Amino acid sequence: MRRYFQVFGLFGLLLFLFNGCTKDSGPYYVTPPLDTINGYDTVYFATDVVPIFVEHCWVCHPPNGGLDLGATYAYDNLVGATSVGFPSETRVVPYDPLQSLLWKKIIHSGEFGLDMPPNEVLPTEDLIVIRNWIEQGAQNN
């Protein structure tokens, strides 16, 4: 009888552990990663991100690809906007730089044609600002 309880208890424990490893089929929500938000000051689009675009990107954008990265139109042309050259890609996905076409292009991933800016890698400080802005929800602040 004691052996029966040992086997049954072991089986129950294994069942409990394996159940914890199953995938939840509930809805998927993108939430801000707390470790990135808590570790950094709020990044402001108008005062932190736009100056990077003006300095490194605006020479070619607005004329190229219909993508104006000037102060007036940059936000609307990026956040939640589908790429013209890659229609299945969203330019900026709030809270998720790894799904954002902008991020993939500025880190020179090589996945989507010409990396941006061409022949130049943005300074690390600028990349951190853009990544934090996206991770913080890509707000128009």
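Where a number appears in this text, it was derived from the coordinates with a stated rule and is not lab data. This one's a predicted model, so the numbers in the text were calculated from it and none came from an experiment. Cβ sites come from the backbone with ideal geometry, for glycine too, and all protein chains shown count toward neighbours.
Between S109 and N140, the distance separating the two model label sites (each 7 Å from Cα on the Cα→Cβ line) works out to 2.5 nm. As a length-normalised measure over Cα pairs under 8 Å and 6 or more apart, the relative contact order of the range 30-135 settles at 26 percent.
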